[in-house]
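The values are calculated or read from the model by the stated rules, or taken from the named source; none is laboratory data. Treat the numbers as computed from the prediction; the structure is a model and nothing was measured. Note that we place each Cβ from the backbone using ideal geometry, even for glycine, and neighbour counts take in every protein chain shown. SASA here: full protein model, heavy atoms, side chains in, ligands and nucleic acids out. Shrake-Rupley method; radii C 1.70, N 1.55, O 1.52, S 1.80 Å.
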Amino acid sequence: MQEVRYGQRVRQALSKHLPVVALESTIISHGLPRPRNLVVARDIEQAVRDQGVVPATIGVVGGDVVVGLDDDELTRLATADGVAKLSVRDLAVAAAAGADGATTVASTAALAAHAGIHVFATGGLGGVHRGASESFDESADLVTLARTPVLVVCAGVKSILDVGATLERLETLGVTVVGYATKRFPGFYLTDSGFNVDWSLETPEQVAALLRARQAQGVHPGAVVVANPLPPSEQLDPALHERVLAEGLAGLEREGVTGKAVTPYLLAHFHEATAGASLEVNIRIIVRNATLAAQIAAAYAALPVAA
Ligand code: PSU
Ligand code: MN
């Protein structure tokens, strides 16, 4: 059993201080349907490489935490049965059990920071679920981001959540939230969640300057969320979204879905009930975020080394 195993290219890049972008594997194993998931997993990595940056998809293979899965390992997490969904609390158990597992935003962020990777791309963050005042269902993504120094590019939080409550929790937890070229918080499948953000930055260089200032100040221990909205022409039809979401939430109740199965259930429901339209939107979100994350990582690596 090894502590953390690095892909060869990732190890080389980190040792030379070349830009690296971390990518999560829960999207692949639990967020997207097969067989498209493997194609998309490769496309996300390619989007990062297209910017001259090294992708590091993170996951657990046979109990080993791997930062920078190779193509065989990526294939295994995309196609094997029984790949667990691993949050931070599950990583050591998976190692002891020799299990295969996909890492969520929480565990990917924690492992990226541990590996010295500053920038991470995902689709939409987890957050406070609707009805959380009864169910207490709040993603571990939030509390992990509060204590993890990493920059996450996302399209806001998943629109299946209580977005207002999630923004309140991000504020309480001290997570920095910045809109990318917008002061409206994006709503994952939707361009605009209906909520404002306080700050907007316009370029990868500006975001890199934020990262550098944060490091130079040495005061803030948590994550920076860069919320990158889809252009309105690429979002899911808002009326369709509302209808399908209502059905999905009713389905959760009817089928008694709880815990970590909630998010995969709702995403799969969207993909089915929109006849694949939400899947195409989800893929666009992830690829766009990977591209922006790579641009930010490259801009950050190009800054002069701090004194
Ligand atoms: N973004 C996507 N698809 C996903 C997820 C994010 O476009 O499947 C995953 C992330 O891994 C995130 C998880 O951490 O959903 C949230 O799950 P939960 O609500 O159980 O914490
Ligand atoms: Mn949950």
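As an exercise, identify the GluC sites (Glu not before Pro) in the stretch 1-84 lying in DSSP coil whose Cβ has no more than 12 other Cβ atoms within 10 Å. Could the numbers behind the result be given before it?
Numbers: sites: 3, 24, 45, 73; in loops: 3, 24.
The qualifying sites are 3.
Restricting the stretch 113-205 to GluC sites (Glu not before Pro) that sit in a DSSP loop and have at most 11 other Cβ atoms within 10 Å of their own Cβ leaves 202.
With both bridge residues required to lie in the chain, what share of the DSSP beta bridges run antiparallel, to the nearest 5%? Percent antiparallel among DSSP bridges in the chain is about 30. Heavy-atom accessible area for residue 279, with the other protein chains in place and a 1.4 Å probe, reaches approximately 20 Å².
A simple spin-label model places pseudo-atoms 7 Å from Cα toward Cβ; at residue 81 and residue 136 they are separated by 3.4 nm. Partners of residue 183 within straight-line reach, counting lysines whose Cα lies under 21 Å from its Cα and excluding those fewer than 8 residues away in the same chain: 158.
Starting from the Cα-Cα distance between residue 284 and residue 5, subtract it from 0.36 nm times their residue separation and give me the gain in nm to one decimal. Walk me through the numbers before you get to the answer.
Working: separation 279, 0.36 × 279 = 100.44 nm, distance 2.98 nm.
Gain in length upon complete extension: 97.5 nm.
What distance in nm separates the two pseudo spin-label positions at residue 12 and residue 254, each 7 Å out from Cα along the beta-carbon direction? So the two model labels end up 5.3 nm from each other.
Length available on full extension from residue 220 to residue 202: 0.36 nm per residue minus the Cα-Cα distance, which gives 4.3 nm.
For the stretch 5-302, a simple Cβ point-charge model (Lys and Arg +1, Asp and Glu -1, everything else neutral) yields a dipole of about 740 debye relative to the Cα centre.
Sparsely packed loop sites in the stretch 1-100 (the trypsin sites (Lys or Arg not before Pro) outside DSSP H, G, I, E and B with at most 14 other Cβ atoms within 10 Å) comprise 16.
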